[in-house]
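The structure appears right after this line, and notes come after that.
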Amino acid sequence: MPQSERMQTCFMVSKRMNEGRMMKVRSSTTLNNETDKLICNPSAWSEFKGISIHCKEIKKESQSVKTYSEKLTNINPSWSQINWKKVEIYVNHLQIRITKAVIKKNWNLVKRLSYLLTHSFYAKLLAVRRVTQNKGRKTAGVDGILWNTTDIKIKAAISLTDRKYKAKPLKRVYIEKYGKKEKRPLGIPTMYDRAMQALYTLALDPYAEATADTKSFGFRKFRSAKHSCAMIFPLLAKKASPQWILEGDIKGCFDNISHEWLLEHVPMDKSILKQFLNAGYVFNHNLFKTVTGTPQGGIISPILANITLDGIEELLNTKYHVSKTGHYCSKIAAKSQIYLVRYCDDFIITSRTREFAEEVKIQIEDFLKERGLELSKEKTKITHIKEGFDFLGWNFRKYRNEKLLIKPSKKSIQKVIDKIGNIIDIGKTWTQKQLIKHINSITIGWANYHKGVVSKEIFNGIDSKMWFMLWDWAKRRHPQKARKWIASKYWHAIDTRKWVFSTEDDLRLSRLAEKKIIRTTPIKLDKNPYIDNDYWQKYKFQEGSRNLTGMFKKIWEKQRGVCPFCNQIIDISKYAEERPVHHIDGNRDNQKLSNLVYTHIHCHQQIHATKSIRCNNRCPTQGL
Ligand SMILES: [Zn+2]
Ligand SMILES: [Zn+2]
């Protein structure tokens with residue numbers, strides 16, 4: 001769909017929403033089965049679960065969960081009894097319908113389905129699950145409230161409502177920015193606001209996915225930075241590939257997106273979006289207004305940023321890829337070789353000549369201006385491929401023999417070495433076990449990120465640097481002891497290697513050089529995560545098979561990459577902690593293949609909560 005048409009339609013959708021006419025959901029058209037009726041309001045759901053909650057009380061619901069716990073003292077719906085499979089199937093079904101409606105440009109239906117989704121109790125449960133499961137769950141917002149018990153979680157889900165919704169200001173903290181003096185601001189919304197954002201994200205994401213730039217990879221379902229790297233390689237590797245790169249850097253993208261633009265173009269309830277955008281923030285007991293930008297640190301922010309920047313691809317395609325008849329023409333595209341690869345606000349555009357790149361830059365500036373954004377003058381560069389450029393922590397460069405190599409960027413290498421050095425410094429008095437665990441958590445993640453590119457030499461280099469740092473650490477602890485004594489205390493011979501930094505009970509420092517280099521297979525760009533389930537299931541399964549080894553690979557292949565408890569895809573490119581290995585009989589010593597399964601973290605928690613099996617949450621979380 002041409003950008004202008006899409007913008008106009010979106011405008012119409014949001015304009016209608018702005019008029020504040022709450023639509024009536026007619027059960028005959030939108031509710032298509034029994035479960036829908038149960039799910040649409042919490043009271044029905046509670047009855048369904050054999051729990052009675054009085055409707056009147058729910059209608060009186062306020063935003064505060066605390067108030068809720070007072071009202072609902074006699075009711076104890078159980079979080080651990082939730083049938084997540086059913087919940088996900090329901091929400092997913094609506095998301096599929098939203099996606100199809102977006103593709104058909106049936107904006108009325110999109111609006112109706114989004115309303116149904118954001119008002120369904122199942123979606124509210126999912127929203128609460130998301131914010132109580134992610135990393136920030138232990139950090140409270142300005143109200144100091146955490147949702148850390150199963151009781152509070154269920155009450156929180158019941159309390160989520162758009163009625164009189166008012167977002168609280170974000171708690172502003174400043175965090176260190178690598179290699180820079182100034183610190184980066186981070187906003188922390190309250191749990192309630194986070195859950196509201198998660199809820200509206202459930203309905204907005206299908207729209208964002210269906211209208212996204214095909215080569216956008218950041219904060220997208222099933223896509224990751226590695227997939228963008230796999231896309232760039234074939235684009236630049238050939239002899240006739242584009243020679244020039246425009247490295248785009250948008251000045252404070254998240255902070256500067258125009259609220260007017262978002263309110264006009266994002267197809268969601270305007271009054272809710274306004275609350276998200278205008279929440280303001282508190283710093284040093286002072287309240288500040290937010291006049292531009294997305295809620296930093298909020299779940300919905302990356303989706304809003306993606307929606308804002310979607311359309312660059314279409315802009316470039318229309319100008320550089322199509323003939324006068326409006327159809328794609330490879331000959332015309334080859335003239336300029338303008339191709340975009342974007343990871344949220346970070347992007348590159350390839351070009352055959354410097355002049356084309358300059359021209360594109362002006363067009364991007366116009367595109368961004370409409371949205372309240374601009375390119376950073378210092379950081380936006382036009383580079384020749386032989387000079388090389390950095391993107392997402394990698395360096396892409398063509399060497400003398402015309403060979404394109406992708407390596408971890410110097411900055412990224414320095415960053416990981418500094419991190420390890422820092423840990424060794426802090427860990428002066430730690431036990432060897434503590435130190436190994438901390439270092440491993442850094443290096444394993446880093447090596448996994450870079451194992452798809454030319455990293456072998458760099459991995460070796462970091463290993464040897466680490467050896468010297470650890471030798472200093474050990475020497476400092478025992479200044480009076482001989483070198484031989486120190487060596488035999490902390491280093492042991494294991495298999496063919498003599499110097500393994502390890503403990504007596506066999507906890508080893510993992511070596512980066514042991515990582516196998518595995519290329520990422522490019523994804524098919526036209527596959528939608530909501531409607532092309534078969535494709536993604538196959539892709540994710542193969543991705544897992546390629547990346548896992550030994551026992552973990554066998555487990556993965558046995559279950560075909562699908563969680564046996566909910567039948568949904570396990571996304572292997574996410575963090576390893578998110579897919580624990582569960583012991584079916586509850587005996588952690590039984591490491592037989594038939595006793596082990598990968599599960600989602602929430603499925604795992606539920607299995608243990610309902611069956612109260614001993615290995616609760618302590619099952620190994622390894623594999624990648
Ligand atoms: Zn599952
Ligand atoms: Zn388990």
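Please treat every number below as a calculation from the coordinates, not as lab data. Just so we're clear, the structure is a prediction, and the values are computed from it rather than from any experiment. Cβ: placed from backbone, ideal geometry, glycine included. Neighbour counts: every protein chain shown.
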Given N residues in region 404-485, what is its alpha carbon radius of gyration divided by 2.2 N^0.38 Å?
1.23
Going by average Cβ neighbours within 10 Å, how do the peptides 290-300, 349-359, 461-471 rank, with the highest at the top?
290-300, 349-359, 461-471
For labels at K428 and S488 in the simple 7 Å Cα→Cβ model, what's the distance in nm?
2.9 nm
Over 19 Å between Cα atoms, which of K135/K270; K451/K592; K177/K411; K226/K451; K183/K410; K415/K516 qualify?
K135/K270; K451/K592; K183/K410; K415/K516
What spacing in nm lies between the two simple spin-label points modelled at S545 and T496, each 7 Å away from Cα in the Cβ direction?
2.9 nm
Over the alpha-carbon set of region 234-290, work out the extent along each principal axis and list the three values in angstrom, largest first.
57, 32, 16
How high is the relative contact order of region 167-288, in percent, with contacts defined as C-alpha pairs under 8 Å that are six or more residues apart?
34 percent
With an 8 Å cut-off on Cα pairs and a minimum separation of 6 or more residues, tell me the relative contact order of region 374-504 in percent.
17 percent
To make sure I understand the rule: partners must be lysines, Cα under 16 Å from the Cα of K403, and not fewer than 8 residues away in the same chain. Which ones qualify?
K238, K239, K386
Excluding residues fewer than 8 places away in the same chain, name every one of the aspartates and glutamates whose C-alpha is closer than 20 Å to that of K428.
D418, D463, D472, E504
Extended-chain gain in nm, criterion 0.36 nm per residue less alpha-carbon gap, Q537 and Y174:
126.7 nm
Checking the a/c ratio against 1.5 first, then a/b against b/c, what shape does the Cα gyration tensor give for region 301-388?
oblate
Any chance you could check the Cα centroid distance between region 457-491 and region 573-591 for me, in angstrom?
33 Å
Relative to a virtual label point 7 Å from the Cα of T353 in the Cα→beta-carbon direction, which members of region 223-247 show backbone nitrogen distances below 14 Å?
243-244
What residues of region 234-255 lie in the reach of a label at N401, counting those whose backbone N is under 17 Å from a point 7 Å from the Cα along Cα→Cβ?
237-239
How high is the relative contact order of region 91-249, in percent, counting Cα pairs under 8 Å that sit 6 or more residues apart?
24 percent
What order do you get for Y122, Y281, Y165, Y575 when you list them from fewest to most C-beta neighbours inside 10 Å?
Y575, Y165, Y281, Y122
Calculate, in nm to one decimal, what T325 and R588 gain on full extension: separation in residues at 0.36 nm each, minus their alpha carbon distance.
88.1 nm
Grab the Cα-Cα distance for I332 and T610, subtract it from 0.36 nm times how many residues apart they are, and report the gain in nm with one decimal.
93.9 nm
Would any residue of region 397-436 have its amide N under 16 Å from a label point 7 Å out along Cα→Cβ of K481? List them or say none.
428-436
Along Cα→Cβ, 7 Å out, is where each label goes; now give me the distance between the ones at I362 and N286 in nm to one decimal.
4.3 nm
Using the number of other C-beta atoms within 10 angstrom as an exposure proxy, rank E457, E578 with the fewest first.
E457, E578
Of every Cα-Cα pair in region 195-236, the percent that sits beyond 11 Å:
69 percent
Among all the aspartates and glutamates, which ones have a C-alpha under 16 Å from K524's C-alpha, if same-chain residues fewer than 8 places away are not counted?
E209, D213, D532, D534, E543
If we count other beta carbons within 10 Å of each Cβ, what is the order of I312, I362, I257, fewest first?
I362, I312, I257
